[in-house]
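Step one of this worksheet: look at the structure below.
The values are calculated or read from the model by the stated rules, or taken from the named source; none is laboratory data. The model shown is predicted, which means the values in this text are computed figures rather than measured ones. Here the Cβ positions follow ideal geometry from the backbone for every residue, glycine too, while neighbour counts run over all protein chains shown.
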Amino acid sequence: MKQIIQSFKNGKTILEEIPIPKPGHSEILIRTTRSLVSLGTERMLVEFGKASYISKAKKQPEKVKQVLDKIKTDGFLPTVQNVMKRLDEPLPLGYCNVGRVVDVGEGVSGIAVGDRVASNGKHAEFVTVPANLTAKIPDTVSDDEAVFTVIGSIGLQGIRLCNPTFGETIVVIGLGLIGLITAQLLKSNGCKVIGIEPDASKRDIAVQKGINTIDPSTEENVEEAVMRDTEGVGADGVIITASTSNHTIISQSAQMSRKRGRIILVGVVGLNINRSDFYEKELSFQVSCSYGAGRYDENYEQKGIDYPLPYVRWTAKRNFESILNAIAEKKLDVQSLISERVPFEEFGRIYDNIGTSKSIASVLIYKDGENKTRLSDERTIQLSEGRFGGSRGIIGVIGAGNFTKMTMLPALKESGAQLKYICSAGGLNAASLGKKFGFTNATTDYRIILDDPDVDLVMITTRHNLHASLTNECLQAGKHVFVEKPLALNDDELNKIIENYSKVNEHKNVTLTVGFNRRFSPHSIKIKQILGPEPGPMNIIATMNAGFIPATAWVHDINIGGGRIIGEACHLIDLITYLTGSSVKSVCMNAMGITPEVTTDNATLLLKYTNGSNGVINYFANGNKSYSKERLEVFYGGRTIIMDNFRRTDGFGFKEFRKLKTRMNKGHAIQFKTLIGRIIHGGDPLIPFEEIVNTTNASFAAIESLKTDGWVEVG
């Protein structure tokens, strides 16, 4: 299938061939018939992409500060490389889609195959969207009309926040597509509407719909004009739908408002607010968020958990339905807003001139999709020709997120691996990364990888909750497995992996490797060489300045991410295990800020090892970003070794010790190169399976310790 994407690096907009996605939990798959180009929003994205790096930086000063902080801790070159990778990400365009449902994921109710629906899907022939961000289309509403559902809901949400009553005067600043829809909905609500817009053609459309307009380019004082139209009272509410960096709009909105008026920002404007403008009139100001309640809430979107109607009357989905009903009842006219209808394949007619276009709304028309092609036939696409055979380190990758893109695939470049498949749920990331790194195929169906006898090694980099189940499927298929940490989130998952690993190795030599890369860093290897294979008791303190992550992030969800101790502190458990040459015997963890699920990211772990060593892990999220992210201190036999952020290692108390200084090197490239070598030529597992199990159990024991407030033996 084809999808419109844009490059943040150079601003080019292209039609990309990607595999058809599969609907996940609470998602549906739609075959698109129409999509609407939101000229305001998409113009900003295209212009940002075409801007120079300096211009990009000026538009995002908060990002510049993050980059400067990262240079302090990680070094200049790694930071620049990281920024360039970010800019190279493909950006899917569009958020107003209409089509027919062709597949339904688990947990979806009320929507069936064949239903005609409106959604926030992208400009693509097939899209997967959360069921809670879709709405069925009434029979009396055409596809051309229904494609305005989402953008109409943006205006409607602004109106709901403004909370106008019958007879009030509401000013709409900016009569673009959202502004014209907002003005019509207000008019239908019994309000007097004044539209402010410099473009004569847009004002003409508004006048035809019975809306009073003001031309700010000719009116000397817009505020006085509004006062005249309201007999000196001022506007009851102002809804700003304009898109401009101009800071005067906020001040004008305040001056044209009555006392205790409401100002709602739907668009994007400069926000230098003059306190006195708001203070004297006790004005309220609120920024509207997208389509309505539930937007950007993972429980609502990804898990399909709806807000109960008696308590949250207007969610995003219910706003969608309201817009469709308004169109069906002829209270909202959107047909007259269509400036052009363009075949999907000729998208360039819109995007090539998007910076100067005077169009109100451009609709993309998709070809009739009623063909006999099976969806499964198009869930894998060939990116390049390649021949594979024998045990040559042929790889299939499941997961195409940030770790895969930023860390794993660049590190695999020099490993000698043969890259055959890359899989992602949506397809776009798989196709984009597949082309960039030389994969032969991109797919949205990971079972294609498991069924291919050519594939020796499957690498899993999905969200944490899928690690265990995918690992088990790979083992059952007789594949070598690399899984990014953590291996499992609970005892049941770990025990199932142990069982499958034992079964498959009764008749076939299959290895399981977890992404505990720190032990492969040149710094860790140097320390290990100094300590020797059986060093005896020592004290090790490992500190991770992990950084704050919002509580709503998926990594904190005990069922999806497992929490940051299980999900990330396991790195440090493994590193201490590697250096001591021993296994964790028992764990005690103390923490601050404990949630009801007993997850934390501010904790100290105490580890007892069977050889008498002690480990201390400080995993903190409340430190400063400019401080080193990771630090290791080893105290042993009257000597001390300090490793700072995998960039520098110093020794104290040694007769001869040559300090080690490198670019930040956490061992990823060495781990992957060694792993591929073992797959091709054979040899011992990179990390003994018993150590992987012990580290995983130790992370579970840390959480149990927090629950029981004491030491916990490691199973």
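For first residues located in region 252-272 and within 20 Å of Ile159 (Cβ to Cβ), partners that are among the polar types (S, T, N, Q) and part of a helix (DSSP H, G or I) and lie 6+ apart or on another chain with Cβ distances below 7 Å form the pairs Ile263/Ser253. Looking across region 533-552 at every residue that is of a type in the set (Gly, Ala, Ser) and more than 14 Å from Ile641 (Cα to Cα), the one that is surrounded by the most Cβ atoms within 10 Å (Cβ to Cβ) is identified as Ala546.
Got at least one residue in region 671-678 being surrounded by 19 or more Cβ atoms within 10 Å (Cβ to Cβ) and out of contact with any Phe, Trp or Tyr (no Cβ under 7 Å at 6 or more places or on another chain)? Yes: one or more hits.
Of the residues making up region 257-287, those that are acidic (Asp, Glu) and in contact with a Ser or Thr (Cβ under 6 Å, 6 or more places away or on another chain) number 1.
Every listed requirement among (1) in contact with a helix residue (DSSP H, G or I) (Cβ under 7 Å, 6 or more places away or on another chain); (2) free of Cβ contacts under 8 Å to residues at least 12 places away in the same chain; (3) not polar (S, T, N, Q) is met by Glu499 save one, (1). For beta carbons closer than 8 Å, sequence separation of 6+ or different chains, a first residue in region 123-135 that is of a type in the set (Asp, Glu) and a second that is surrounded by fewer than 24 Cβ atoms within 10 Å (Cβ to Cβ), the qualifying pairs are Glu125/Met1; Glu125/Lys2; Glu125/Arg31; Glu125/Phe344; Glu125/Tyr366; Glu125/Gly369. Considering Asn611, Asn622, the condition of being more than 23 Å from Thr649 (Cα to Cα), at pLDDT 95 or above and either part of a loop (DSSP other than H, G, I, E, B) or not assigned by TED's automatic domain parsing to the domain that holds Thr708 (or both) is satisfied by Asn611 alone.
Listed here are the residues, each with its yes/no results for (1) surrounded by fewer than 17 Cβ atoms within 10 Å (Cβ to Cβ); (2) in contact (Cβ under 8 Å) with a residue 24 or more places away in the chain.
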position	(1), (2)
Leu572	no, yes
Asp601	no, yes
Leu605	no, yes
Thr610	yes, yes
Gly623	no, yes
Val634	no, yes
Phe646	no, yes
Phe652	yes, no
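Criterion first (on the phi > 0 side of the Ramachandran plot and not β-branched (Val, Ile, Thr)) does Asp709 satisfy it? Here the answer is yes, as Asp709 does meet what is asked. Between a residue in region 402-429 that is over 20 Å from Glu16 (Cα atoms) and any residue that is charged (D, E, K, R) and not in a helix (DSSP H, G or I), which pairs come within a Cβ distance under 7 Å, given they are 6 or more apart or on different chains? Note: pairs meeting the criteria are Phe403/Glu484; Gln418/Arg392. Residue pairs whose Cβ atoms lie under 8 Å apart, separated by 6 or more positions or on different chains, with the first residue in region 296-310 and aromatic (Phe, Trp, Tyr) and the second assigned to a loop (DSSP other than H, G, I, E, B), are Tyr296/Cys289; Tyr296/Ser290; Tyr300/Gly294; Tyr300/Asp306; Tyr300/Tyr307; Tyr307/Gly294. Condition check: buried (at least 16 other Cβ atoms within 10 Å of the Cβ) and either assigned to a loop (DSSP other than H, G, I, E, B) or at pLDDT below 90 (or both). Does Ser384 satisfy that? The answer is no for Ser384. Being under 30 Å from Ala702 (Cα atoms), crowded, with 19+ Cβ neighbours inside 10 Å and not aromatic (Phe, Trp, Tyr) holds for only one residue in Val455, Val481, and it is Val481.
Of the residues Asp368, Asp377, the single one that is at pLDDT below 90 and either crowded, with 18+ Cβ neighbours inside 10 Å or not in a loop (DSSP other than H, G, I, E, B) (or both) is Asp377.
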